[in-house]
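Novice: Below are the structure tokens for one structure; questions will follow.
The values are calculated or read from the model by the stated rules, or taken from the named source; none is laboratory data. It should be emphasised that the depicted structure is a prediction, and the values quoted were computed from it without experimental measurement. For neighbour counting, all protein chains shown are included, and Cβ atoms are generated from backbone atoms with ideal geometry for every residue, glycine included.
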């Protein structure tokens, strides 16, 4: 690997630590807050900004975002997703040690399947996968982003309606919520990729003008606002050790496949590598579908929410 790519790897690992720590801090803060609702975003924002612990977690996530900008300038999108996956292991460890969350046997197997699926996606990268694209057709990005955001918001609304009908039942597992948030964050990854390509550290004014003429900063604002409301309500109600891996899997697969296509970082032409990519995506989708099925017995872990 080149020196720039080593910087990308270091930035990806740093982003993993920051993201995992940020999610755990936010989960701890959310457990002490009143019940949040995506239908009341201003109240949600007021409650969040009143929690110093939540602010600390959000600052860690913001630092992870800055590290992600470096990653997308130096590594292709599909390769970056493989490095981001290692953060799931740290997240599960921190969730167990600091949040007291425990996965059921089915969820442990599912987590192993998720890791295997994403590793298959990484293994599908060919020798020419070090090509880092800088541009994408604006119309393609807008069409893809619009369809993905619509799907994510509709899926989240459906999950919220099911939760409302089951108000006195056990808390939701959070798989549907997490997939919806993952779609939103997948679009956010496209926007981060686009922003990183237009950054010129020596010419901030020129960078700002160039970015203003692209859809990327506006997509970041939309996905930032939607992702904040959706992810915080999901984290409060459900276990971080399940929500974050499912959300990350959805976002990583989205970025490694559709994102790579949008930015012209082509899918592998070798039949074996293409099979690995398709099989990895199919395995991940199968795991997500299996997780969404009702469990015969809820796990003994804390589900989250206010005690």
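Novice: Sort through 174, 182 and tell me the only one that's within 17 Å of residue 243 (Cβ to Cβ), modelled with pLDDT under 85, surrounded by 22 or more Cβ atoms within 10 Å (Cβ to Cβ) and under 15 Å from the mean Cα position of the chain (by Cα).
Specialist: Just one listed residue meets the conditions, 174.
Novice: Any residue that is in a helix (DSSP H, G or I) and within 21 Å of residue 239 (Cα to Cα) - is there at least one of those in region 30-41?
Specialist: yes
Novice: Answer yes if at least one residue in region 205-218 is at pLDDT 80 or above, touching a helix residue (DSSP H, G or I) at 6+ places or on another chain (Cβ under 9 Å) and within 17 Å of residue 115 (Cβ to Cβ), and no otherwise.
Specialist: Within region 205-218 (the criterion being at pLDDT 80 or above, touching a helix residue (DSSP H, G or I) at 6+ places or on another chain (Cβ under 9 Å) and within 17 Å of residue 115 (Cβ to Cβ)), the answer is no, since none of the residues qualifies.
Novice: A follow-up question, please. Would you say residue 168 is at pLDDT below 90 and farther than 17 Å from residue 38 by Cβ?
Specialist: Yes; evaluated as a whole, the condition is true for this residue.
Novice: Find the residue count for region 42-74, including only residues that are surrounded by fewer than 16 Cβ atoms within 10 Å (Cβ to Cβ) and over 30 Å from residue 10 (Cα atoms).
Specialist: 6
Novice: Given the condition closer than 25 Å to residue 257 by Cα and either part of a loop (DSSP other than H, G, I, E, B) or at pLDDT below 90 (or both), answer yes or no: does some residue in region 141-158 qualify?
Specialist: Yes, the conditions are met somewhere in region 141-158.
Here is a yes/no grid of residues against (1) assigned to a helix (DSSP H, G or I); (2) modelled with pLDDT of 70 or more:
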| residue | (1), (2) |
| --- | --- |
| 90 | yes, yes |
| 98 | yes, yes |
| 101 | no, yes |
| 106 | yes, yes |
| 116 | yes, yes |
| 120 | yes, yes |
| 130 | no, no |
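Novice: Within region 256-278, restricting attention to residues that are at pLDDT 80 or above and crowded, with 16+ Cβ neighbours inside 10 Å, which residue is nearest to residue 119 (Cα to Cα)?
Specialist: 276
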